[in-house]
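J.: What follows is a single structure, and I will ask about it in a moment.
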Amino acid sequence: MILDFLIDSYVQLGYSIQVIEIKFTGRGGNGVVVAAQMLAKAFFLSGFYPQCFSLFGGERRGAPVKSFLRVNSSKILLKCEIKKADHLIVMAADLLPEEPLTENLKNGGLVLINADRPFKVEGPFKVAYVDAQKIARECRLGNIINTAMLGAYARISEILSLNYLEKAVREYVPSKLDENLRALRRAYEEARTF
Amino acid sequence: MAELLSGNHAIAEAVRLSKVDFVAAYPITPQTPIYEKIAEMISEGKMCGQMMRAESEHSAMAACISASLAGVRVFTASSSQGIAYMHEMLHFASGCRVPIVMACVNRVVSAPWAFGTDQTDTLSQRDTGWIQLYCEDGQEALDTVIMAYKVSETIFLPVMVIIDGFYTSHFIEPVEIPEQTLIDQYLPKRNLPNRFDLSNPAFLQNVVDPPNYTRFKKRQFDDTLKARRLLIEADKEFGELFGRSYGVVEPLELADAEIGIVTAGSMTSCARIAVRTLRSKGIKAGLLKIKLFRPFPYNEVARYLGTLEKVIVIDRNVSSGKGGIFCDELKASMYNLKNRPEIYGFIGGLCGEDLPPEKFEKITLSVLRAKKPWDVPKWIHRMRF
Amino acid sequence: MKKHGLFDEIMPVSKTPTSAHKTGLWGNLKPLYKEATSPCRESCPLNTDIPLFIFHMKEKDLKRAKEEILLENPFPGISGRVCHHPCEDACNRRELDSSVSVRALERFLGDYPFYEVPVSENRSPKKVAIVGSGPAGLSCAYFLLRLGHKVTIFEKESDVGGLLLFGIPPYRLPKNVLRRDLHVLLALKPQIRLNFELTGDNIFSLLGSFDYVFLAPGMGESKRLQVAGENKKGVYYGVQFLKEVKSIEDEIRRAIVIGGGDVAMDVARTIRRLKPDAKVSIFAPEKVEDLPALRENVAEALEEGIDLICGYLPLYFEGKKRIEAVIFQRTEVKKDEKTGKFLFIPLNEKREEAADMAVVCIGQKPLEASKLREIAEEEGYILVDHRGRTKIERIYAGGDIIGQKATVSLASSSGKRAAICIDMDAKRLDLPLDELYVGSKGFLSFKKYLKLEKKETRKVVGFSDLNTLPHEKIPRVDAKKEEPLERLKDFREIGYTYTKEEAEKESDRCLSCGQCMRCNLCFYLCPDVSIRRKADGLYEVDEDYCKSCGVCAKTCPSNVIEMVEKDGGAFIR
């Protein structure tokens, strides 16, 4: 559905515009950077042109981290930070006061939040949530919640088949492959929109 | 075959494809992933060269010079303070006429301490006698490393292949990896001279008198100028084999332009979008991407910019007390032309500051309104658009 | 000359050697290679050129190494086992880590099968009678034979060897080693008369049929304690015990050995082997650190379960016919500063020790003085001058009888001295002995006498003269040795000779003091490339290029380079 839209917009508006911009926020150690890379790989496998990068500051566990992903059907020339994204993936909900949705998400944009209960937000946004923390813990992954977040993202964004994500996970995850795949699939089942 | 690669890893792939024999380097952000990837490929047997971790960049360059004098294909990489630390060895390398290729990943030269990109680290090595090539993205970096060996081993001069830190080095994008067999055809192993020939002992770089010193310097100067032609040929041949070619400069929409933007490195991509947007609004804007900085492409600059009214140069670097370095070089190179444009210098994007297309558009609009150019550059971050 | 074409045009390459400029014309000094004496050699009574034979070992030329030893020492196999090794005490390497194990290296070479020695041509050989075939007599015979004289050895016993044969137990010096070392000497064909008893008269009849006589009869008798009960059954005397007692029939629970020298140790260790159940104790008058016995001998005795109690001398022996106890008195030993002799000062403390057997090992004395009254002093010692001459013309003497410290190497040294002096006398050579000394200890060098010496023998190289930077600390290589309980089963030799690998490793530790070891440091470090290697491995200096910097002399690890004036001065040339 969105894929069609993308291709249409490319044909209509030329190669410089209408990419999907996706933004990840979280804390160092959650797997924020690898999440964007895995998603980029999944898009790449399904035939898109992804561009993925991160903002590095003091790289350490627990510090706020952002990573970015642009997806297009052809080469992306835009090489700058994503201010307001089309899709925002919030891996640490406690960072929301510091990073308000209105500054990080376009109007009408989609936000996926890691939370243990339905999450109310102000503004013209589509909101979804998944308890990635619980899933990761139960799959014995501790605080590494990126595969769970991606499973949920695949479900609610409806752009990407879970197959490609599984392939990407297989390529990127250094250990505990089965646990990560289980978290991916379970989050796909448990993600909720409202 | 395309693969998702960061710019750093694209360079490492180019080193593998070029079948480099010897790599000596010292880690420094943001260059380190190049070094790590090469080490990984060697340890996994994907590449058969030798890797040496030197105790400093200075020693790394010294090792590269010696290895290259022994006749093997040599690579190194560095950034920022690392390049600065190499400085005197860089002079030695070009004076020894060794065909070394070095990847430079731009990063601010401290202080203040920071990580973002800033071309001052490589531009301040302008007079070391190295050929300098600024690349826009990972794909261009990969292709340019391979071309660099071809040029370098023909003219016996060292080459810096330069990318922006983080923007190019860490952006992960699809990169086309050429077939090894085609690379072997394009870049066969040369029979480089081994200057440490024990059966024919000699003293390399002995003390010379003023006439001889001048003779060698003049020879080096002339050969450096020749490198431009060689690069154009190498680029053309590369294009024929692989379908990608870049030129020593790249003009975009300049044929009928009234105003031109000059960029180097990764900011060119956003500038391309800005030119499109300006054109769609009816403004006759064009773009010149400068890839080759040394030897300076006088002919191309005169050809593409000589007829314009106004030229904007955006420098991601600064020479304190003077201005942007590309801007100054451009002004100087066009001084003797009969018709020359007004040149407007801007400094911006330092330490990786974002330069989105809108900024290029706004800068262009402001220059269109300007009555006469200025000597001291304007700083983009202080401008109100 | 091959040119690289383009490549010589783009960068300066010089193929003209630096010899274009004769920079040496600037300097007025030049290095002189002069090998000098090492402290180990200076302190060796036999003057063995230790760094030189070790150098040959480093070069893996064992034949030359052994030849080098045999030039000064007739019995490397024997001294490699029993020498009191003053060389190791003088070793410069002690300042770096620990001394080189010279004795073990000598033992290794002693066991290396090579026995040929050259004999000098002698147009008028003399006939020399040698009385006594201990180390002094055999050594004198060896050097005289090498000088081309005719030698007849007279021995009291039925076999040659003297003290070497019966005074040192086989577990320290096996009989086959003795025989093997003597083979070198016997190959030079001396005449041998066994069962010859020396008397005061037959010395003079010997003078009738021989040109020279060398007396080395050794000490015939053990010293007595001269205390009450000394003649009871169960009291023995050191050397006689070693010589005569092959087994002990009596039941022995406690044996006491009196004395602190090697004989005491040897006796105690022999009893330990003959009577494994008996408790054996040594009572020495000296303090532990002053014991005259070899360190190794004391250590091995202790390892074998022998008690050592220091600071006691017996007062008397108790018992009826057989001794039952020894009564000791605490004794302090002091050295008389004037005479250098040890004084025993009794203290007021007694100690009673039960014993079934006691062996007195407090030293030896000459045989009954009357036999040699014409030559000997009151106590039976024969006094000699610095050339080994007695007061009677044509009679020389050496060994323990001349009253020197009783060690094998000192005895051999006195034999060598007599041989050289007899030869000089026969040839009417009036050569001051100083010219044959190596170092300042007054030991004669046979090599120097044969004019084969190339080193500067007056200069002794100290540790501070060496550049030790090229040397790292390396632990001494210890030869393998059996467990103490294993050793007690029989009289087989203790400890193994170095393996080839061990010998190589240990010889690499030698700092080569005063001995050029061809390390090439001077060759490599000369900034003017003025030092060249010659075909024989040594170096020559091209004065046209040496500009007197002295780097070679400063850095030489062996201190064999000295800066001297160039001939004629620099500027005049």
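The values are calculated or read from the model by the stated rules, or taken from the named source; none is laboratory data. These numbers come from a predicted model, not from an experiment. Reconstructed Cβ throughout: ideal geometry from the backbone, glycine too, with neighbour counts over all protein chains shown. Surface areas here come from the heavy atoms of the whole protein model, side chains and all, with no ligands, DNA or RNA. Shrake-Rupley method; radii C 1.70, N 1.55, O 1.52, S 1.80 Å.
J.: When all C-alpha to C-alpha distances in the range B:46-105 are sorted into bins of 10 Å, what percent of pairs does each bin hold, rounded to whole numbers?
T.: The distribution over the range B:46-105 is 24, 59, 17, 1, given as percents.
J.: Using the Kirkwood radius over Cα pairs, work out the Stokes-Einstein diffusion coefficient for the range C:437-483 at 4 °C and 1.567 mPa s, in µm²/s as a whole number.
T.: Estimated diffusion coefficient is 89 µm²/s.
J.: If the elastic network links every pair of Cα atoms under 10 Å, which of B:Leu241, B:Leu230, B:Leu355 fluctuates the most in the Gaussian network model of chain B?
T.: B:Leu241
J.: Moving on. Pairwise over distinct Cα atoms, reciprocal of the mean inverse distance: report the Kirkwood radius of the range C:325-434 in Å, one decimal place.
T.: Hydrodynamic radius (Kirkwood, Cα only) of the range C:325-434 equals 17.4 Å.
J.: Give me the compactness ratio for the protein assembly as shown, meaning the Cα radius of gyration over 2.2 N^0.38 Å.
T.: Against the compact-globule rule of thumb, the ratio is 1.48.
J.: OK, next. What value in Å³ per residue do you get for the convex hull of the alpha-carbon atoms in the range C:193-346?
T.: It is 178 Å³ per residue.
J.: With all protein chains present, calculate the accessible area of C:Met57 using a 1.4 Å probe and round the result to the nearest 10 Å².
T.: It works out to around 10 Å².
J.: Taking N as the number of residues in the range A:19-193, what is its alpha-carbon radius of gyration divided by 2.2 N^0.38 Å?
T.: So the range A:19-193 has a normalised radius of gyration of 0.93.
J.: Which cross-chain or sequence-distant (5 or more) residues have an amide H under 5 Å from the amide H of C:Gly218, H modelled 1.01 Å from N in plane?
T.: Residues meeting the amide H criterion: C:Asp400, C:Ile401.
J.: Got a number for the accessible area of B:Arg229? Probe 1.4 Å, square angstrom, nearest 10.
T.: Number for this one is 120 Å².
J.: How big is the range B:251-382 along each principal axis, measuring the range of its Cα positions in Å and listing the largest first?
T.: Sorted largest first, the three principal extents are 34, 33, 29 Å.
J.: Another question, if that's okay. Using only the Cα atoms of the range A:111-176, what do you get for the radius of gyration and for Dmax, in Å?
T.: Cα only, the range A:111-176: 13.0, 39 Å (Rg, Dmax).
J.: Right, something else. Of B:Cys64, B:Cys48, B:Cys327, which is the most mobile in a GNM of chain B whose springs link Cα atoms less than 10 angstrom apart?
T.: In this elastic network of chain B, the residue with the biggest mean-square fluctuation among B:Cys64, B:Cys48, B:Cys327 is B:Cys48.
J.: Let me ask something else. Any idea what % of Cα-Cα pairs in the range C:1-77 are farther than 15 Å?
T.: 73 percent
J.: Here is a further query. Which links in C:Lys127/C:Lys441; B:Lys284/B:Lys310; C:Lys416/C:Lys451; B:Lys331/B:Lys378; C:Lys189/C:Lys427; C:Lys279/C:Lys405 stretch past 20 Å when you go from one Cα to the other?
T.: Checking Cα-Cα distances, C:Lys127/C:Lys441; C:Lys189/C:Lys427; C:Lys279/C:Lys405 exceed 20 Å.
J.: Specify which residue in the list B:Ala24, A:Leu77, C:Leu538 is farthest towards the positive end of the charge dipole of the protein assembly as shown, using unit charges on the beta carbon of Lys, Arg (+1) and Asp, Glu (-1), about the Cα centre.
T.: Result: A:Leu77.
J.: How tilted is helix A:177-190 with respect to the longest principal axis of chain A? Cα atoms for both, answer in degrees (0 to 90, nearest 10).
T.: With both axes taken from Cα atoms, the answer is about 70 degrees.
J.: May I have the extent of the alpha carbons of the range C:374-461 along their three principal axes, as whole Å values ordered from largest to smallest?
T.: Between the extreme Cα coordinates on each principal axis of the range C:374-461 lie 43, 30, 16 Å.
J.: Using protein heavy atoms only (no ligands, DNA or RNA), what is the total accessible area buried between A and B, 1.4 Å probe, nearest 100 Å²?
T.: That pair hides around 1900 Å² of surface in total.
J.: Let me ask you something else. Consider just the alpha-carbon atoms of chain C and return their Rg together with their Dmax, both in angstrom.
T.: 28.2, 110
J.: Could you report the accessible area of C:Lys473 in Å², rounded to 10, computed with a 1.4 Å probe on the protein chains as they sit in the structure?
T.: Estimated to the nearest 10 Å², C:Lys473 gives 150 Å².
J.: Also, I was wondering about something else. Counting C-alpha atoms alone, how compact is the range C:479-545: give Rg to one decimal and Dmax as a whole number, in angstrom.
T.: 21.9, 70
J.: On each of the three principal axes of the Cα atoms of the range C:45-139, give max minus min coordinate, whole Å, ordered largest first.
T.: Over the range C:45-139, Cα extents along the principal axes are 50, 28, 21 Å.
J.: On to the next question. In terms of the ratio Rg/(2.2 N^0.38 Å) built on C-alpha atoms, what value belongs to the range C:416-533?
T.: 1.60
J.: Same structure, new question: Quick check: with the 1.4 Å probe, what order do C:Leu538, B:Leu133 take by accessible area, largest first?
T.: I get C:Leu538, B:Leu133, largest accessible area first.
J.: If we count GluC sites (Glu not before Pro) as exposed when they sit in a DSSP loop and have at most 10 other beta carbons within 10 Å, what is the longest stretch of chain B that avoids them all?
T.: B:56-385
J.: Further question on the same structure: List, by residue number, every residue in the range A:73-87 with a reduction of 30 Å² or greater in accessible area between the chain on its own and the complete protein assembly, 1.4 Å probe.
T.: Residues passing the criterion (a loss of at least 30 Å², heavy atoms only) are A:Lys75, A:Leu77, A:Leu78, A:Lys79, A:Cys80.
J.: On to the next question. Taking a 1.4 Å probe, which of C:His84, C:His183 shows the most accessible area, and what order do the others take after it?
T.: Largest accessible area first, the residues go C:His183, C:His84.
J.: Which percent of Cα-Cα pairs in the range B:13-140 sits in each 5 Å bin, short to long?
T.: For the range B:13-140, the pair-distance distribution reads 2, 11, 22, 24, 22, 13, 5, 1, 0.
J.: Mind checking which of B:Met51, B:Met267, B:Met147 has the largest fluctuation in a GNM of chain B, springs on alpha carbons under 10 Å?
T.: The residue with the greatest mean-square fluctuation here is B:Met51.
J.: Next question. Please quote Rg/Rh for the range B:2-242 to two decimal places, taking the Kirkwood radius as Rh and restricting both calculations to Cα atoms.
T.: With Rh from the inverse mean 1/r over Cα pairs, Rg/Rh is 0.95.
J.: Could you sort C:Ser38, B:Ser320, A:Ser74 by accessible area so the largest value comes first, with the probe set to 1.4 Å?
T.: Reading off the accessible areas and sorting them downward yields B:Ser320, A:Ser74, C:Ser38.
J.: Two decimals is fine: what's Rg over Rh for the range C:86-182, C-alpha atoms, Kirkwood radius as Rh?
T.: 1.07
J.: Using DSSP to call loops (not H, G, I, E or B), can you name the GluC sites (Glu not before Pro) in the range C:88-172 whose Cβ has at most 15 other Cβ atoms within 10 angstrom?
T.: Answer by residue number: C:Glu116, C:Glu121, C:Glu157.
J.: Given a 1.4 angstrom probe, what's the average accessible area per residue across the range B:251-382, in square angstrom?
T.: Spelled out: the 1.4 Å probe surface of the range B:251-382, per residue, equals 42 Å².
J.: Next question. Report, in cubic angstrom per residue, the convex hull volume of the C-alpha atoms of the range C:147-284.
T.: Convex hull volume per residue, Cα atoms: 147 Å³.
J.: Go through the range A:144-194 and name the GluC sites (Glu not before Pro) that are in a DSSP coil and have 14 or fewer other Cβ atoms within 10 Å of their Cβ.
T.: Those that pass, being in a loop and sparsely packed, are A:Glu158.
J.: For the range B:211-300, what does the convex hull of the Cα positions come to per residue, in cubic angstrom?
T.: 118 Å³
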